[in-house]
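Q: Have a look at this one before I ask anything.
What follows draws every value from the coordinates through simple rules; no lab data is involved. The structure presented is a predicted model; accordingly, all values stated were derived computationally and were not measured. So basically every Cβ, Gly included, is an ideal-geometry build from the backbone, and we count neighbours across all protein chains shown.
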Amino acid sequence: MTYKGKRLDAEAKTRDEIEIKCGEEISEILTRLDFKAVANVKKSRTEYLFENLHICVDDVEQLGNFVEIEGKNLVDKGKIFEILKFFGIEKSESITKSYLELLTEKNLR
């Protein structure tokens, strides 16, 4: 489970994240606290580490394939855009919406 804070940057999806490892127990706790599931995003992920950057290649059910590159600071942000450029991806092509937002938009069409 991951807490994802508000976006801090319009250019990239910069935000605070806190991730915890958990199993079915957390789902049971949330259910007992009357939380309701609004969506289930299903994906398979392959992860890589390159120069302190965490690179994820995701295959998201109903959406397709995505590359997510995460860094820890502003220096890493510059490296991220260099890597994207190397692969022929322009800044303007980057997506800052979450998979949940993309799925919601797709299902509203």
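Q: Those residues that are farther than 15 Å from Lys106 by Cβ and assigned to a loop (DSSP other than H, G, I, E, B), I need them from the range 39-65; list them, please.
A: Once the filter is applied, which keeps residues that are farther than 15 Å from Lys106 by Cβ and assigned to a loop (DSSP other than H, G, I, E, B), the range 39-65 yields Glu51, Asn52.
Q: So which residues in the range 63-80 are within 16 Å of the chain's Cα centre (by Cα) and surrounded by 12 or more Cβ atoms within 10 Å (Cβ to Cβ)? Show your work before the answer.
A: Here is the first cut: in the range 63-80, the ones within 16 Å of the chain's Cα centre (by Cα) are 63-72, 77, 80.
Leu63, Phe66, Val67, Glu68, Ile69, Glu70, Gly71, Lys77, Ile80 - these are the residues of the range 63-80 that are within 16 Å of the chain's Cα centre (by Cα) and surrounded by 12 or more Cβ atoms within 10 Å (Cβ to Cβ).
Q: Give the residues of the range 50-97 that are hydroxyl-bearing (Ser, Thr, Tyr) and without any contact (Cβ under 8 Å) to a residue 12 or more places away in the chain, sorted by residue number. Walk me through it before giving the result.
A: Of the residues in the range 50-97, the ones hydroxyl-bearing (Ser, Thr, Tyr) are 92, 94, 96.
If the condition is that a residue be hydroxyl-bearing (Ser, Thr, Tyr) and without any contact (Cβ under 8 Å) to a residue 12 or more places away in the chain, then Ser92 is the only one that fits.
Q: Look at the range 28-38 and say how many of its residues are part of a loop (DSSP other than H, G, I, E, B), surrounded by 10 or more Cβ atoms within 10 Å (Cβ to Cβ) and of a type outside the set (Phe, Trp, Tyr).
A: Narrowing the range 28-38 to residues part of a loop (DSSP other than H, G, I, E, B): 33-38.
Retained after the next criterion (residues that are surrounded by 10 or more Cβ atoms within 10 Å (Cβ to Cβ)): 35.
Subset that is of a type outside the set (Phe, Trp, Tyr): none.
Selection size over the range 28-38: 0.
Q: To continue, here is another question. I need the full set of residues from the range 17-27 which are assigned to a loop (DSSP other than H, G, I, E, B) and either hydroxyl-bearing (Ser, Thr, Tyr) or surrounded by 10 or more Cβ atoms within 10 Å (Cβ to Cβ) (or both), in order please.
A: Going through the range 17-27, the residues assigned to a loop (DSSP other than H, G, I, E, B) turn out to be 20-23.
Result: Cys22, single match.
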